[in-house]
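Take a look at the structure below.
The values are calculated or read from the model by the stated rules, or taken from the named source; none is laboratory data. Predicted, not measured: the structure shown is a model, and the values here were computed from it. Glycine also receives a Cβ, built like all others from the backbone with ideal geometry; neighbour counts cover every protein chain displayed. Only protein heavy atoms, including side chains, enter the accessible area calculation; ligands, DNA and RNA are left aside. Shrake-Rupley method; radii C 1.70, N 1.55, O 1.52, S 1.80 Å.
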Amino acid sequence: SGNEQLLLTADLAYHPVVNINRNWRPGPDRDQDAAARSRRRIFDLAAADGVLVLGFHYPFPGLGRILRTDTGYAWVPAGWQF
């Protein structure tokens with residue numbers, strides 16, 4: 001919408017604790033090295049552009065942003081209100 005973008009992570013990163021806050025390599029990744037490279041590439045783009053991220057199994061509200069840190073990445077949930 002306009003200049004805004006939404007990144008739907010789907011299977012790229014199915015939970016921030018597993019795939020964003022830590023560089024764990026979960027069992028479902030068939031090619032773990034390729035999966036890690038893909039995550040880094042997409043996370044770098046999302047962090048650099050400040051893209052809003054939506055994850056299926058992320059804590060409520062499921063929306064937030066990925067920040068680049070000295071050791072990798074961090075998940076920052078979006079603020080929300082009813």
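Quick notes on this structure:
- Rounded to 5, percent antiparallel among DSSP beta bridges of the chain: 70
- Note that the chain presents 69 Å² accessible area per residue, ligands and nucleic acids not counted, probe 1.4 Å.
- Kirkwood hydrodynamic radius of the chain, from inverse mean 1/r over distinct Cα pairs, in Å: 13.0
- Split the accessible area of the chain by element, probe 1.4 Å, and carbon with sulfur accounts for 53%.
- For the peptides 57-65, 2-10, the ranking by mean Cβ contacts within 10 Å, running from highest to lowest, is 57-65, 2-10.
- Rounded to the nearest 0.05, the FRET efficiency derived from the C-beta distance between Asp29 and Trp80 at R0 = 25 Å is 0.25.
- Amide proton proximity set for Leu52, modelled H, under 5 Å, gap of 5+: Gln5, Leu7
- Nearest-0.05 FRET efficiency for Leu12 and Phe60, computed from C-beta distance (R0 25 Å): 0.80
- Amide H contacts for Leu63 (H built 1.01 Å from N in the peptide plane; partners 5 or more residues away or on another chain; cut-off under 5 Å): Ala78.
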